[in-house]
Amino acid sequence: MRKTDHLGGITAFVITAHQGSFTAAAEQLGLTKSAVGKSVSRLEARLSVTLFQRSTRRLSLTPDGERFLASCQSAIDILDQAESELTSHIRSPSGRLRLDLPAAFGRQRILPLLLPITQRYPELTLTVTFSDRFVDPIEEGIDLVIRIGELTDSSGLVARTLTTQKLAICASPEYLHEQGEPASPDELHRHRCVVGFRRNQPLSWRLKGPDGHITRVTPPATFEFSDGDAMLAATLSGCGLSQLPLWLVRKHIESGALREVLTAHSGGEMPISALWPKSRHLLPKIRHVVDILVRAAQDGLLD
């Protein structure tokens, strides 16, 4: 007998274990209770182990049964993923997609790409949250997370780098007229600065040295904000210097509302990544959105 001929018994065992009875498993499989029971018995005989403790009132797994169920479930998950990978290109995105996006970047760059998708695929619905805090998608039940910055811990996740966020240090002309323009990073200590704030501490700035090496500098945290739009508003109002994403400040620099400073030290970048739980990485709704974001990054729409 080929090993693949035993798959029926394994399927009967797994479904019985999940359902808790031969009767419920038989209903799900479209078989008789007797047929399911015999299939599991043949599997136990072949393995020379007892998988279930049977009584007139209940059915429960033995320690060997629990170990075998965990191994079988892993194998079934692999087969399910293989099938999803094969057919995902012909299945339309559907169901509820839960996303968590960085506040300013998500609203200005990601959301305009998401909304047209829902028009093309009416069966796809969205739950979108905006935050700049650390989000654990596995723990919080989120399908897809867009994260800006280095990925320190992505265990259990699939990560796809979309693009990099280029940074610029800038200030309002009014502030520079009153306080002067810093000639070097060493002069930052005598300036007011608008800085990001994460995990109860201010964020450092990334500056490029003469050798091209990127170093981290901790500026005076005169004003601390956990939101990019708030940092931009404070900088535009003359609160001080700030290092902000170029996509956020480009139009303000072009209009003259902001002036870039320390340009010889610009060049700091931060990766922008899409992350999703490994257990869901082949779902069509996730695959489709990630593909759109990748194409948008290639076309420069995320810069």
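Each value in this text was obtained by applying a stated rule to the coordinates, not by laboratory testing. What you see is a predicted model; the values in this text were computed from it and never measured. Cβ sites come from the backbone with ideal geometry, for glycine too, and all protein chains shown count toward neighbours.
Quick rundown of the values:
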item: Alpha-carbon Rg with Dmax, taken over the stretch 200-244, Å; result: 11.9, 34
item: Lysines whose Cα lies under 25 Å from that of residue 166, excluding same-chain neighbours fewer than 8 positions away; result: 208, 251
item: Cβ-derived FRET efficiency at R0 25 Å, residue 119 paired with residue 299, nearest 0.05; result: 0.80
item: Residue 92-residue 257 pseudo-label distance in nm [points 7 Å out on the Cα-to-Cβ vector]; result: 4.0
item: Computed FRET value (nearest 0.05) for residue 58 with residue 139, which takes r as the C-beta separation and R₀ as 35 Å; result: 0.60
item: Inter-label distance for residue 74 and residue 7, nm, one decimal - labels placed 7 Å from Cα along Cα-to-Cβ; result: 2.0
item: Label selected from (i) -0.64, -1.13; (ii) -0.71, -1.14; (iii) -0.54, -1.17, the criterion being log10 I(q)/I(0) by the Debye sum over Cα atoms at q = 0.10, 0.15 Å⁻¹ as computed here; result: (ii)
item: Distance in nm between pseudo-label sites at residue 166 and residue 33 (7 Å out along the Cβ direction from Cα); result: 7.1
item: Nearest-0.05 FRET efficiency for residue 48 and residue 129, computed from C-beta distance (R0 51 Å); result: 0.50
item: For the chain, share of DSSP beta bridges that run antiparallel, in % to the nearest 5; result: 65
item: The chain: angle of helix 111-120 to the longest principal axis, Cα-based, in degrees nearest 10; result: 40
item: Along the chain, longest interval not containing exposed GluC sites (Glu not before Pro), exposed being DSSP loop plus at most 11 other Cβ atoms within 10 Å; result: 151-303
